[in-house]
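Following: one structure in structure tokens, then a few remarks.
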């Protein structure tokens, strides 16, 4: 395997000086402008962190007020930690997740999102109880693990800054292991026994279809998630946060064409519907829409140890750029396999598939990805600096990824709609009413513009950010600007 230029298990938390966000809540550049900015960008500055240690368990009750760090989850092949399915583990010495936070919260949801410290409230209101169910173990965990921890970080930060409109936030998380039946059972338990009123940032590339019929029976929204399949823009209870899948893939192809790399290869996994969708989209006009020619395609498995046959096939076909529809660990193995054949195409993906674990590999230099929400290595605006500060305070060893920014943005969207719409006893309908009122919302530059329509599937989200591997580290010199 090609030599590495850094440790695979070290992370960077970049916190740079805050600067004002554009008046519209996010800067908008042309496609050429943003990619030109990325081309000329410098390496981010950061502090390495120690490796993560152990999973917390299958289900966790989420934080009360406090400053103790949250033990982050890690990727792996197991189904969860010692807690077992259905276990509840309060963090930071807190009580049961059903208990309200002592002292409650002030009606200062907007202040919490801007970084201001909220005053202690006169008394507690009913909690806003949320769930997060995703595939955080097994092969997919190399890309998704840490999303559940980020939801906890967001809840901890929100409660420490006044909660949402006087309500403390409580979150349950669970790992479904990619099993649809387990996923549905966890969702049912959270709704019927934990009384969650919404799910936030679910990472469900294998199991979304299993959850939706039950959620429709109870009118419970999915607020943000992996965005890796077309169901996010086909179901009225799905509210995607950030660039939707077809548009993210098209952005990668546009960038390949801008770099004069018109011959495209595609490796796509057999396990996830998202991978099949990317293949179908690419073949049925997605590549040609960007001016790319698909010269090679091959289906692979996420458990495949070697990709020499695919590398030789793509090399023989003359593929200059290869879209990798797979998770992070498989991406590393693909690059190693191709390098052994002295084949060095440019690799592309979406940021939902990427993590800092990809840093430090010479074989991945130049790898770029469309980022559905703000790039996770930046902190150059008040909104992004707040994310970096929260992670540093509550989960300093968290491995940042595309999924972690999706989780943070999902929480911030929930805070925005809940602040204006929840009553004394928060309900799913309150949140739905708030979501349907969202129009061209960027959450101060954290996401491309978002619009939802009452009782209708969300429209595709066209714009995207861009990140690139430079000198062995992820970088985004364009900061909070996005291309459309």
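Laid out as a table, the results:
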quantity: Residue count for region 441-476, restricted to those that are modelled with pLDDT of 95 or more and part of a loop (DSSP other than H, G, I, E, B); calculated: 22
quantity: Members of region 138-168 found to be in a helix (DSSP H, G or I) and at pLDDT below 90, listed by number; calculated: 141, 142, 143, 144
quantity: Residue that is in a strand (DSSP E or B), in contact with a helix residue (DSSP H, G or I) (Cβ under 9 Å, 6 or more places away or on another chain), touching a residue at least 24 places away in the same chain (Cβ under 8 Å) and within 21 Å of residue 238 (Cβ to Cβ), where the choices are 370, 404; calculated: 370
quantity: Condition met for residue 153 (buried (at least 24 other Cβ atoms within 10 Å of the Cβ), more than 15 Å from the chain's Cα centre (by Cα) and assigned by TED's automatic domain parsing to the domain that holds residue 127); calculated: no
quantity: Odd one out for residue 479, checked against (1) in the same structural domain as residue 322 (by TED's automatic domain parsing); (2) surrounded by 24 or more Cβ atoms within 10 Å (Cβ to Cβ); (3) in a loop (DSSP other than H, G, I, E, B); calculated: (2)
quantity: Residue that is under 16 Å from the mean Cα position of the chain (by Cα) and closer than 25 Å to residue 255 by Cα, where the choices are 414, 400; calculated: 400
quantity: Residue in region 441-453 that is over 21 Å from residue 373 (Cα atoms) and surrounded by fewer than 21 Cβ atoms within 10 Å (Cβ to Cβ) present; calculated: no
quantity: Top-ranked residue of region 163-190 - restricted to ones that are touching a strand residue (DSSP E or B) at 6+ places or on another chain (Cβ under 8 Å) and under 19 Å from residue 231 (Cβ atoms), ranked as surrounded by the most Cβ atoms within 10 Å (Cβ to Cβ); calculated: 176
quantity: Which listed residue is closer than 26 Å to residue 126 by Cα and part of a loop (DSSP other than H, G, I, E, B), from 412, 429, 425; calculated: 425
quantity: Counted residues, region 231-262 - those being over 19 Å from the mean Cα position of the chain (by Cα) and outside the structural domain of residue 205 (by TED's automatic domain parsing); calculated: 10
quantity: Boolean, residue 171 is within 30 Å of residue 358 (Cα to Cα) and at pLDDT 95 or above; calculated: yes
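The values are calculated or read from the model by the stated rules, or taken from the named source; none is laboratory data. Bear in mind the structure is a predicted one, so any value in this text is a computation, not a measurement. Backbone-built Cβ (ideal geometry, glycine too); neighbour counts: all protein chains shown.
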